[in-house]
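Colleague: Here it is, the structure in full.
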Amino acid sequence: MRPMTRITALSIAIALTGGTLACSNDAGELEDVQSELAQVTSERDELQARLDADADRYDKTVAVKDAIRAILDDPTSYGTEDEVVDLLASYARPGAKMRDDVFGAVGMRAAWHNTLYGSAMDAEIDIVQRWVAPDGSQSGGLWVWQGTNPGGHAFELVGIQIDTHDDDGLVTDEWVAYPYPNAYVSEAILGEGTPVTGIWSD
């Protein structure tokens, strides 16, 4: 039985049996019913508090994802390279790391710098699809990382990431993976690049 239904039933029971219990002097049974009603009410309130907290975190996580996407869609509108990576990093908790299956784990600011600008990199992230868990605790995305690597060679890589978020919607951890062998990804970024199709769009 759902909490609200139990509360209603118990309330009716108290109303209907209160007089009888009082006449029969059975105060103990009435106290038991009242105690159960109090417990169910407490459980309902706790559940509602959790639902409210989840909804609040969901909204904050979506706001964080929207802000990051806006920056990635047009980074030059947000200032210099340092200003862009500072802003992107501000949407993660201090100490949060991006854990890349190929390139390892680094802090979020360094990760964003390496992704977009590092070592003469000229690259961008085009988000193809994204999702947010109903409670806002996780989010993920499918994207294309493309541009020119430090050697001057064009590259294009599809990737995914899964983020965890705190109660403020900020990223606490990010895992990045690619549907290619590690050597292919390394060659894309550190070597001769990859073929570029240019057909990706959201």
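Here, each number is a calculation from the coordinates, and none is a lab measurement. Just so we're clear, the structure is a prediction, and the values are computed from it rather than from any experiment. Glycine gets a Cβ as well: all are built from the backbone with ideal geometry, and neighbour counts include every protein chain shown.
Colleague: When you have a sec, figure out the Kirkwood radius of region 50-89 from all distinct Cα pair distances and drop it here in Å to one decimal?
Modeller: Values: mean 1/r = 0.0892 Å⁻¹.
For region 50-89, inverting the mean 1/r across all distinct Cα pairs yields 11.2 Å.
Colleague: Using just the helices of the chain, give the 222 nm mean residue ellipticity in deg cm²/dmol: DSSP H runs with n ≥ 4 each add -39,500 (n - 2.57), and the total is spread over all residues, rounded to 500.
Modeller: -16000 deg cm²/dmol
Colleague: If I model region 135-184 as equal point scatterers sitting on the Cα atoms and use the Debye formula, what is log10 I(q)/I(0) at q = 0.22, 0.25 Å⁻¹?
Modeller: Normalising to I(0) and taking log10 leaves -0.83, -0.92.
Colleague: What are the DSSP H helices in the chain that stretch 15 Å or more along their long axis, judged by alpha-carbon atoms, and whose average Kyte-Doolittle hydropathy comes to at least 0.5?
Modeller: Going by DSSP H runs, the hits are 3-23.
Colleague: Work out the FRET efficiency for I162 and D122 from their Cβ-Cβ distance, taking R0 = 45 Å, and round it to the nearest 0.05.
Modeller: So the FRET efficiency works out to roughly 0.95.
Colleague: Can you pull a Stokes-Einstein diffusion coefficient for the chain at 37 °C (0.692 mPa s), Rh from Kirkwood over Cα pairs, as a whole number of µm²/s?
Modeller: Working: Rh = 20.4 Å.
The Stokes-Einstein estimate is 161 µm²/s.
Colleague: Provide the percentage of antiparallel DSSP beta bridges, counting only those with both residues in the chain; round to the nearest 5.
Modeller: Close to 85 percent.
Colleague: Which net charge results for the neighbourhood of P181, defined as the other residues with beta-carbon distances under 12 angstrom from its beta-carbon, given Lys and Arg at +1 and Asp and Glu at -1?
Modeller: Net charge around P181: -2.
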